[in-house]
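Quick notes on the structure that follows.
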Amino acid sequence: MNSFHRAHLAGLVCLVGGMLQIIYGLLSIPFAFAQNNLGWDEALWGLVNVGMIGGALGLLALGVARPRWMALLGATLTILGCLIRLGVIPFNILSPSDVYVPFILSSAFLIILGMSILGIATLLGKQLSGWQAWTPLLAGLFPLIALAVYEISQFIHFLLLGLWGLPWILVSYVVLTRIAKQKQAMQVQPSTRTTQ
């Protein structure tokens, strides 16, 4: 599987994850996730984390973030944060407890840090322009708002977690459109050579 296919697949996974994240936020209204341990809500959040992994891998495969070591560091921290959260989910479903909170917070910290580093590397790379260059950083910094309101209103917190899906959908859009442009450019090059 070449880098185009990997980036395209990762972008699609990110898109699905972002849409599921919005659904997660909307479902938090009737099911009151803050007061109820339903189990399926944690499973849904697990799928959202798979989408985040897709977003980080898609950006990495694009090669738009520079320097490369910084992009690798950001993507690695993001993926590690998602994997920690995925590891907590089965335990939290089977036996909900506050004992998992440190793991959940550390995973959130790693995702925020990782996507922020990847976002800064994307800006430094200057391969993307306009709002598209800012989407990875937005995906990294947005959850700070959700964390800030947790103690004030868990209802709003879960809504904001759902709204966090929008930056991820934008990340997937950037990955998918950039891949489409790169593929088109590669197809045009051989055809221009044959006509010369």
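The values are calculated or read from the model by the stated rules, or taken from the named source; none is laboratory data. On a predicted model such as this, the values are computed, not experimentally measured, just so you know. Note that we place each Cβ from the backbone using ideal geometry, even for glycine, and neighbour counts take in every protein chain shown. Just so you know, the surface numbers come from the protein's heavy atoms only, side chains and all, with ligands and any DNA or RNA stripped out. Shrake-Rupley method; radii C 1.70, N 1.55, O 1.52, S 1.80 Å.
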Scaled radius of gyration (Cα, divided by 2.2 N^0.38 Å) that the stretch 47-125 gives: 1.18
Binned Cα-Cα distances of the chain, short to long, each 10 Å bin given as a whole percent: 10, 35, 32, 15, 5, 2, 1
Cα Rg, Dmax, the stretch 142-192, angstrom units: 18.8, 61
Solvent exposure of the chain as accessible area per residue, Å², 1.4 Å probe: 51 Å²
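Sorting check: for 39-45, 135-141, which peptide has the highest mean count of neighbouring beta carbons within 10 Å, and how do the rest follow?
Details: 39-45: 15.7, 135-141: 23.6.
Output ranking for 39-45, 135-141: 135-141, 39-45.
Sequence gap at least 6, Cα distance under 8 Å: using those rules, report the relative contact order of the stretch 1-116 to the nearest whole percent. Before the final figure, lay out each step's value.
Numbers: 131 pairs, mean separation 35.0, N = 116.
This gives 30 percent for the stretch 1-116.
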The chain: calculated mean residue ellipticity at 222 nm from DSSP helix runs of at least 4, using -39500 (n - 2.57): -28500 deg cm²/dmol
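I need the peptides 93-101, 13-21 ranked by packing, meaning the mean over residues of other C-beta atoms within 10 angstrom, with the highest value on top. Spell out each step's value before the answer.
Working: 93-101: 11.8, 13-21: 22.7.
Descending packing order for the listed peptides: 13-21, 93-101.
So, with a 1.4 angstrom probe, what is the percent of accessible area on the chain that is carbon and sulfur?
Working: 7160 of 10070 Å².
Within the chain, the accessible surface is 71 percent carbon and sulfur.
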